[in-house]
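Heads up, the thing below is written out as structure tokens.
The values are calculated or read from the model by the stated rules, or taken from the named source; none is laboratory data. Computed from a prediction, not measured in an experiment: that's the story for all the values here. Glycine gets a Cβ as well: all are built from the backbone with ideal geometry, and neighbour counts include every protein chain shown. Accessible surface is based on the protein model in full, side chains and every heavy atom, while ligands, DNA and RNA are left aside. Shrake-Rupley method; radii C 1.70, N 1.55, O 1.52, S 1.80 Å.
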Amino acid sequence: MKELLSGNEAIARGAWEAGVTVACGYPGTPSTEILENVAEHYKDDMYCEWSPNEKVAFEVGVGASLAGARVMVTMKHVGLNVAADPLMTFACMGAVGGFVVVVADDPGMHSSQNEQDTRNFAKFAKIPLLEPSSSAEAKEFVARALEISETFSTPVILRTCTRVSHSRSLVELGERSAPPEVGFKRESSKFVAIPLWARKMRLRVEERSGKLDELVETSDLNRIEWRDRNLGIITSGVCYEYVREVFPNKSVLKLGLGWPLPVEKIEEFSHGVDDLLVVEELDPLIEEHTRALGIPCEGRNCVPGIGELSPGRLMPIRAAMMGREANLPSPVPEAADLPGRPPVLCPGCPHRGTYAALKKFDVAVMGDIGCYSLGTLPPLDKMESLLCMGAAVGMAHGMQKAGEPRKTVGILGDSTFFHSGITGLLDVGYNKGNSTIIVADNRITAMTGHQEHPGSGKTLMGQDTYQANVEDFGRACGIKRTRTVNPYNMSEMVAALKEELEADEPSLIVAKAPCPLHARKLVGPKHTIDASACVGCGACLKIGCPAIEGGGGKPMINQNLCWGCGLCASVCPKNAISESEKAEGAQ
Amino acid sequence: MSDTTSVIMVGVGGQGILLASEVLARAAMQAGFDVKTNEVHGMAQRGGSVMAQVRYGEEVHSPLILEGTATALLSLESIESLRAAHYLKDGGLAVVNTQRVIPVTVSSGAAKYPEDDAERVKKVFPKLKAIDAVAIAGELGNIRAANVVLLGALSLGLDLEMEHWAAALDGAVKPQFRELNQKAFEAGRNL
Ligand code: SF4
Ligand code: SF4
């Protein structure tokens, strides 16, 4: 039976069919839906969890693999940076039960802070990497990765990307194969990476690399498709689909194994074609490898290496081969002066109140990753740096210690705090910092689509569980000034900020209110502007609520969009905003 | 592939573009075609411009549409249609919701929403169905069905049978919304 599945749904299915019994990860676009699908469809057969961060998820996976289970760990590309420590040594130790780490790259940065090519990690860790180009391959490659993992005793990376994870295509479904027996067999020289044994592990890595070099020559994952021989194209992942679209009649060497790269196959292919072109997204790994073999090829000189590829971005190459211009249509002139439409905090979002209050103070604000990153855009415009998960805390501390004349503030979400903000806060407490840390605590991982976390009271499998409190961590980290504030209450929020910013010791403000989009209910009654009282000063427009429509004349509140948080009413100097007479329509 | 039908869908995050693309994809699958879709999640869903793409035919390779080749365009918002107009092939059908969703860049005074959006849309798309889908859906009882009204209007421009659309609609929405969505689809189709 065929079903229309996204790449992420197919990967979840692939893990189930391959007899995986442990699946874990941390949410991150575009990887998030893999574990959500495991939980929705397969949790009776598979244990699954959202771990607090990718490093922990990876380590949970390693433990399960050493016990003999088949394991899948999922994350986005930057998540693998967090999990790089266990990855690098587990790569030497080697897997027992099949271990696949699914890493989703985001070329073009649709929803990421940087662009990274995960193939570099495979090269760095000397482990194999598989790259599916469609949902059908995404499903199949999970099983293939697990087989390779067990045969060669190695972790294997499955590299997907936005256009594989979030594209849907048809997939043939199969049955589940029986999971392996579980039972850890002690063998210290294999599993204890002290120098004595780590040196032996290092030698085994080299032996394994030799065997993997043979595998990539013989595996059907790497295949040559002979068509017209005047041009041959080497490609991998979703780029294969673009190549087939733009060059339907040309020969292709499709590398399902993105690492290590074959030598003989590339030589055979290059000998069979007149000209050789490499089409790969982000870094030129295949191209450099091909050139190092002494084989001339076209690549980065004509295929863009920044951002994601598309049929449109390959068209100029085809046109140039025919001695023409590509002549792709560009945006119509009528679209030239359209207003931008950047993402914004939802109407009724509690983070808006936090930023509106913060705007009253001249402080240096170090931000972090989550919905509240949007506080950097006008009109809120109050977050001055964003680096990586949890960095807000350490950066605020470092800036303060450097002597920044303004008081320093770090703002991060609850999920981000549990992910990697706690150790930063411990540093602030331990090393006698003086920053104010704000945890914008909406009790969910909101940006990636509302996933549970250690503070939400539910596990990925739907069980009720202990609810971790940010405040408890604050006190445990030695932050005596730890307090909880309602971000919808402007005066309370401003008063708390004033006190904490003036105090000569570090503080933690937990701005706590659940994400209304997740709760799926209005914060309060919808609001409306009394046009006779409104003087058109525009103060309410400065909080950037999408429900308040302005841009000429007096602002109006769109009743279909308002979530009734009341923040606009508290910033209106003329008290012109109040609850609507009749609350129409639920959200 | 020249026998491939490509539909580009645009709008504002939260308007229901994902459901629209899912229904079309399912209808094409019902009709026995190979199908690929693409959509963007994450940051882009917080009220920003969003795009989804659906392609079907004998054998579909790329999930992304080549500029200038889309068979049809469906826009859930007035000016968003203009941003994506260059994806549509010459003479392609454009189904455009007349609803304006005001971006914060306009509310904050940093930019202007064009007054002449309707004229621009008319000029750019010679084969246009401009529809006040929110009003139609509102009459049917729920403005959230505006996306399905537009889908109904789009359906006449595509080579899929009513039975495939009906099955796709039933498969994509929760039972309690089935009747509403069937009505919304028919309303769009009968315009
Ligand atoms: S999803 Fe929740 S936290 Fe994120 S912007 Fe919307 S209301 Fe705020
Ligand atoms: S009450 Fe005001 S600020 Fe809150 S959602 Fe409604 S319009 Fe926006």
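For the stretch A:561-585, what are the residues that are within 16 Å of ligand 1 (Cβ to nearest atom) and modelled with pLDDT under 95?
Start the filter on the stretch A:561-585 by keeping residues that are within 16 Å of ligand 1 (Cβ to nearest atom), which leaves A:561-568.
Matches in the stretch A:561-585: A:561 only.
What's the number of the only condition in (1) within 16 Å of ligand 1 (Cβ to nearest atom); (2) within 14 Å of chain B (Cβ to nearest Cβ); (3) surrounded by fewer than 21 Cβ atoms within 10 Å (Cβ to Cβ) that residue A:553 fails to meet?
(1)
Among the residues of the stretch A:283-306 satisfying the criterion of being out of contact with any Cys (no Cβ under 6 Å at 6 or more places or on another chain) and open to solvent by less than 10 Å² (accessible area, probe 1.4 Å), which is nearest to residue B:53 (Cα to Cα)?
The extreme case among them is A:303.
So is residue A:281 part of a helix (DSSP H, G or I) and within 14 Å of another protein chain (Cβ to nearest Cβ) or not?
Details: part of a helix (DSSP H, G or I): no; within 14 Å of another protein chain (Cβ to nearest Cβ): yes.
In short, no.
Filter the stretch A:158-186 for residues that are hydrophobic (A, V, I, L, M, F, W, C) and surrounded by fewer than 24 Cβ atoms within 10 Å (Cβ to Cβ); which is nearest to the other protein chains (Cβ to nearest Cβ)? Explain how you work it out, then say what you get.
Step one: list which residues in the stretch A:158-186 are hydrophobic (A, V, I, L, M, F, W, C), which gives A:158, A:161, A:164, A:170-171, A:173, A:178, A:182, A:184.
So of that shortlist, the ones also surrounded by fewer than 24 Cβ atoms within 10 Å (Cβ to Cβ) come out as A:170, A:173, A:178, A:182, A:184.
Values: A:170: 6, A:173: 14, A:178: 31, A:182: 35, A:184: 38 Å.
Going through the qualifying residues, I end up with A:170.
Does any residue in the stretch B:58-69 that is farther than 13 Å from residue B:33 by Cα and without any contact (Cβ under 8 Å) to a residue 60 or more places away in the chain come within less than 6 Å, Cβ to Cβ, of a residue that is part of a loop (DSSP other than H, G, I, E, B) and hydroxyl-bearing (Ser, Thr, Tyr) six or more places away or on a different chain, and which pairs are these?
Pairs that qualify, where the first residue is farther than 13 Å from residue B:33 by Cα and without any contact (Cβ under 8 Å) to a residue 60 or more places away in the chain and the partner is part of a loop (DSSP other than H, G, I, E, B) and hydroxyl-bearing (Ser, Thr, Tyr), are B:64/A:310.
Of all residues in the stretch A:317-353, count the ones that are more than 16 Å from ligand 2 (Cβ to nearest atom) and more than 19 Å from residue A:383 (Cα to Cα).
Going through the stretch A:317-353 one residue at a time, the tally reaches 25.
Given the conditions (1) at the interface with chain A (Cβ under 9 Å from one of its Cβ atoms); (2) part of a helix (DSSP H, G or I); (3) not small (Gly, Ala, Ser), which single one is not true for residue B:113?
(2)
I need the full set of residues from the stretch B:73-101 which are more than 10 Å from chain A (Cβ to nearest Cβ), out of contact with any Lys or Arg (no Cβ under 8 Å at 6 or more places or on another chain) and buried (at least 24 other Cβ atoms within 10 Å of the Cβ), in order please.
The answer is B:73, B:74, B:75, B:76, B:97.
Say we look at the stretch B:131-147 and pick out the residues that are open to solvent by 50 Å² or more (accessible area, probe 1.4 Å) and within 27 Å of residue A:553 (Cα to Cα); which of these is modelled with the lowest pLDDT?
B:143
Kindly indicate whether any position in the stretch A:337-348 is of a type in the set (Val, Ile, Thr) and at pLDDT 95 or above.
The initial filter retains those residues of the stretch A:337-348 that are of a type in the set (Val, Ile, Thr), namely A:344.
Within this subset, residues satisfying the condition of being at pLDDT 95 or above are none.
No, because not a single residue in the stretch A:337-348 is of a type in the set (Val, Ile, Thr) and at pLDDT 95 or above.
With the requirement that a residue be of a type outside the set (S, T, N, Q) and within 14 Å of ligand 2 (Cβ to nearest atom), what does the stretch A:520-537 give you? If you could, list the steps in order and put the result at the bottom.
Narrowing the stretch A:520-537 to residues of a type outside the set (S, T, N, Q): A:520-527, A:529-531, A:533-537.
A:521, A:522, A:523, A:524, A:525, A:526, A:527, A:529, A:530, A:534, listed by residue number.
So that you can scan it fast, the table gives a plain yes or no per residue for (1) open to solvent by 20 Å² or more (accessible area, probe 1.4 Å); (2) in contact (Cβ under 8 Å) with a residue 24 or more places away in the chain; (3) touching a helix residue (DSSP H, G or I) at 6+ places or on another chain (Cβ under 8 Å):
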site	(1), (2), (3)
A:1	yes, yes, no
A:16	yes, yes, yes
A:22	yes, yes, yes
A:34	no, yes, yes
A:38	no, yes, yes
A:51	no, yes, yes
A:55	yes, yes, yes
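Kindly list the number of the only condition in (1) over 30 Å from residue A:485 (Cα atoms); (2) aliphatic (A, V, I, L, M); (3) open to solvent by less than 40 Å² (accessible area, probe 1.4 Å) that fails for residue A:322.
Only one criterion is unmet by residue A:322, namely (3).
For residues that are surrounded by 20 or more Cβ atoms within 10 Å (Cβ to Cβ) and within 11 Å of chain B (Cβ to nearest Cβ), scanning just the stretch A:373-387, find the one that is nearest to the chain's Cα centre (by Cα).
A:373
Among the listed residues A:311, A:347, A:331, A:343, identify the single one that is at the interface with chain B (Cβ under 9 Å from one of its Cβ atoms) and open to solvent by 50 Å² or more (accessible area, probe 1.4 Å). First the steps, then the outcome.
Values: A:311 fails: open to solvent by 50 Å² or more (accessible area, probe 1.4 Å); A:347 fails: open to solvent by 50 Å² or more (accessible area, probe 1.4 Å); A:343 fails: open to solvent by 50 Å² or more (accessible area, probe 1.4 Å).
Residue meeting the stated conditions: A:331.
Name, by its number, the condition in (1) of a type in the set (S, T, N, Q); (2) surrounded by fewer than 22 Cβ atoms within 10 Å (Cβ to Cβ); (3) in contact with a helix residue (DSSP H, G or I) (Cβ under 8 Å, 6 or more places away or on another chain) that does not hold for residue A:249.
For residue A:249, the failing item is (3).
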